[in-house]
Amino acid sequence: MRQAPLGAVKIALVAVAAFLAAPAVALGEASLSMREVPLHGERTLAAATPRFDMIGLHWRGSGSVEFRTRSVAGRWSGWQPAAPEAEDLPDGAAGPWHLGNPYWTGASDAVRYRLRGRVTRLRVYFVQSSEERIPLRRVSMTGSPPLISRTAWGANEAIRRAAPRFARAIQLAVVHHTAGSNSYTASQSAAIVRGIEIYHVKGNGWDDIGYNFLVDKYGQVFEGRYGGVDKNVIGAHAEGFNNGSVGVALIGTYQTAAPTAAERTALVNLLAWRLDAAHVDPLSTLTFDSGGNPRFPVGTPVFLRAVSGHRDTGFTTCPGAVLYAQLGALARQTATTGLPKLYAPTVQGQLGGLIRFQGRLSTPLPWTVTVTDSSGAVVASGTGTSGAIDWTWDASTAAAASYAWTISAGGVRPATGAIGTAPVALAIKSLTATPRTISDSTRISYTLTAPATVTATLRDAGGGDVATLFTQQHQPGKQTFKFVATTAPEGHFQLVLTAANAKTSVSATVPVVIDRTVTRFAVAPPVTNGDITFSFQLERVAAVKLDIQRAGKTIAPVYSATLPPGAQSVGWTAAGTKDGTYAGALTTSGEVGNATRTVLFRIDTTAPTLRARSFRNLRFWVSEPAKVTLIVNGSRVVRSVRAGTFSYRHGRVRSVRIIARDAAGNLSRTLKYP
């Protein structure tokens with residue numbers, strides 16, 4: 001890497017290990033320690049740096065960080081960027097800290113840093129991961145290359161933070177490089193993978209190692225994130241594109257160096273098997289809706305290849321210029337490996353009508369589509385001989401049930417799936433009235449699990465029917481209706497829902513209080529960092545009590561008195577109350593007994609955090625929804641933004657002033673450039 005002129009460097013810091021090595025770890029284990037690096041003249045202790053094999057940096061601020069390390073033999077490396085692949089991240093992972101990549105250094109005992117731009121805090125994570133000198137056991141699944149399982153490479157299952165999550169389908173592979181050193185031995189590869197795992201989990205706070213697979217320069221393939229190598233495990237390798245992709249990282253840096261022949265062969269064999277398991281044509285293309293990252297906001301359609309590089313999904317050079325230039329040829333090799341194959345099997349339609357099965361074969365072959373019931377008996381099938389599979393099942397008379405389907409052809413991996421569902425028991429779930437205490441109307445919501453005739457009835461406290469509100473046929477799903485009580489008497493009631501079909505009848509109830517003592521109850525402002533005012537309209541004399549509640553519990557009594565009819569208002573100061581969502585609870589005592597109404601508000605005394613990702617490109621990050629005022633080259637723009645990364649379009653940027661104000665009126669720190 002070309003070394004920057006000394007005038008461009010803001011600050012350089014040095015930390016050197018003690019002469020004695022850190023305590024050795026057990027064979028096959030990795031350990032991680034973190035140090036906060038002094039940035040503003042604090043004293044640096046030489047003994048604070050342990051010996052390490054891998055390093056990763058986190059920092060805050062709009063600037064960037066570079067580092068170099070010293071081997072135990074006394075040789076200093078070149079300067080390396082701390083976050084060369086800054087979007088190797090889970091979806092929605094943007095935050096105030098920049099997360100640097102884990103960088104394999106080999107046995108080292110010192111590190112130097114240099115900072116560019118504004119860096120307010122810097123943390124360094126030292127990883128020691130011992131070399132595994134015994135042969136690693138490999139396993140293979142049907143059609144897969146030899147895989148080194150998590151057990152074989154020594155994954156620490158105790159540090160995993162959560163169960164794996166699964167995508168509905170794999171649509172593409174995203175190829176990465178780890179951006180670490182290319183100087184490692186075959187026996188060190190497992191140690192590198194263990195180091196990446198502990199850094200991703202204990203350093204970055206992720207659930208598990210980010211990649212689904214890793215491939216070293218000797219052709220060894222390592223299982224990555226837990227959950228099953230043939231399952232659609234959602235990784236943390238391409239922010240905004242993790243759900244539906246498989247992430248494969250080549251161990252090393254391939255910006256100017258080329259992957260070895262063994263590495264390319266292993267990658268081709270891995271992609272050929274994993275994409276075949278997902279029935280994805282390696283030479284196909286697709287449009288993928290971004291889950292959100294600095295380059296592609298949420299919902300942006302992005303044109304990708306089935307074998308894409310990480311740089312196709314974000315602001316990064318990954319997987320390096322040399323490897324990226326080879327992806328087209330590697331995809332073509334992948335497409336010709338492991339033939340014949342079945343691509344893009346689809347099923348369209350539903351029970352009670354026509355259901356169409358389609359697919360594409362890599363070469364014309366005899367094919368069969370089979371549909372079976374829950375007992376395994378064949379209920380329908382179709383055959384043909386061609387490269388295109390296309391058969392339609394007339395399911396107009398099929399009983400409502402769950403069926404399995406299979407598309408098969410000679411020598412290909414079959415595709416399987418399910419049609420229909422087993423009959424769902426009729427039930428009324430999540431019945432609520434919002435609000436429950438009313439003067440005129442309330443909204444009733446519930447979920448119906450199966451088609452049914454629904455009857456709504458209002459009953460009094462004694463169980464007698466007051467009125468039948470409606471009888472209607474409804475389909476499964478969430479239902480809502482408005483109950484207008486203007487003609488009903490005051491009192492305590494039960495709103496009863498009854499759902500019936502040909503087989504059964506079920507019911508559910510929710511209490512409703514009709515009390516016209518109060519006809520309006522409101523709070524202003526709804527989000528506050530100080531004082532708020534509750535206002536209400538009394539229609540008759542009543543004993544009134546106002547409390548502040550959180551999670552249904554009273555935390556502060558506000559007011560209690562007997563008041564005459566008319567407009568009323570009560571103020572309250574939120575000073576000293578923790579941030580969060582609260583309810584003002586207004587209780588009146590009158591003709592129908594006690595009736596309580598609530599109105600929600602939020603206390604927010606925390607200023608939004610505003611961070612510049614790039615002043616020149618006008619890209620920024622904010623911690624919460626806010627109204628942002630930007631002054632660029634003297635022109636003022638006011639805009640409401642969501643939490644996360646946002647940007648502006650503008651020509652040449654000469655000066656910037658930007659500040660964020662949240663809903664409570666809290667102001668962020670003003671960012672300025674230059």
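Bear in mind these aren't lab numbers, they're just calculated from the coordinates by the rules spelled out. These numbers were taken from a predicted model, which means no experiment stands behind them. Note that each Cβ is placed from the backbone with ideal geometry, even for glycine, and that neighbours are counted across all protein chains shown.
Working from Cα positions, state the angle (0 to 90°, nearest 10) between the long axis of helix 189-198 and the longest principal axis of the chain.
30
Tell me the relative contact order for the chain as a rounded percent, counting alpha carbon contacts under 8 Å between residues six or more apart.
After rounding, I find 8 percent.
Once phi is turned into ³J(HN,Hα) by the Karplus curve 6.51 cos²θ - 1.76 cosθ + 1.60 with θ = phi - 60°, what whole-Hz value does each residue of region 473-481 show in order, with x for glycine and proline?
Each residue's phi maps through the Karplus curve to give 8, 10, 8, x, x, 6, 10, 9, 8 Hz.
Please give the Cα centre distance for region 255-331 versus region 357-423, rounded to the nearest Å.
Here the answer is 31 Å between Cα centres.
Between region 618-674 and region 428-448, how many Å separate their Cα centres?
41
Per residue of region 282-288, in order, report the coupling 6.51 cos²θ - 1.76 cosθ + 1.60 (Karplus, θ = phi - 60°) as ³J(HN,Hα) in whole Hz, putting x for Gly and Pro.
x, 9, 7, 10, 7, 10, 10
Among LYS503, LYS672, which comes first, second and so on when ranked by fewest other beta-carbon atoms within 10 Å?
Ranked by crowding around the Cβ, least crowded first: LYS503, LYS672.
For region 518-603, just run the numbers: alpha carbon Rg, then divide by 2.2 N^0.38 Å, N being how many residues it has.
Ratio of Cα Rg to 2.2 N^0.38 Å: 1.05.
When the Kirkwood radius is taken over all Cα pairs of region 326-427, what Stokes-Einstein diffusion coefficient follows at 37 °C and 0.692 mPa s, in µm²/s?
219
Going highest first, how would you order 495-502, 335-342 by mean Cβ packing within 10 Å?
Listed from highest to lowest mean packing, they are 335-342, 495-502.
Specify the inter-centroid distance of region 474-495 and region 54-85, based on alpha-carbon positions, in whole Å.
About 64 Å separates the Cα centre of region 474-495 from the one of region 54-85.
Could you give the Stokes-Einstein D for region 199-300 in µm² per second, using the C-alpha Kirkwood radius, 20 °C, 1.002 mPa s?
My calculation gives 143 µm²/s for D.
Kindly flag which residue pairs out of LYS478/LYS578; LYS202/LYS578; LYS202/LYS672; LYS478/LYS503; LYS429/LYS482; LYS231/LYS429 have an alpha-carbon separation exceeding 23 Å in this structure.
Pairs exceeding the cut-off: LYS478/LYS578; LYS202/LYS578; LYS202/LYS672; LYS231/LYS429.
Just to check, using Stokes-Einstein with a Kirkwood Rh over alpha carbon pairs, what's the diffusion coefficient of region 610-673 at 25 °C and 0.890 mPa s in µm²/s?
212
Take the Cα atoms of the chain, build their convex hull, and give its volume per residue in Å³.
Per residue, the Cα convex hull of the chain comes to 219 Å³.
Please give the peptides 541-551, 621-631 ranked by average Cβ packing (other Cβ atoms within 10 Å per residue), highest first, as a rough proxy for protection.
Ranked from most to least packed, the peptides come out as 621-631, 541-551.
In terms of modelled amide H atoms, which long-range or inter-chain residues lie less than 5 Å from the amide H of LEU250?
Placed amide hydrogens put HIS176, HIS177, THR178, VAL215 under 5 Å from LEU250.
List, in order, the whole-Hz ³J(HN,Hα) value for each residue of region 631-646 obtained from phi through the Karplus relation with A = 6.51, B = -1.76, C = 1.60 and θ = phi - 60°; use x for Gly and Pro.
Running phi through 6.51 cos²θ - 1.76 cosθ + 1.60 with θ = phi - 60° gives 10, 10, 6, x, 8, 9, 10, 10, 8, 8, 10, 7, 5, x, 8, 9 Hz.
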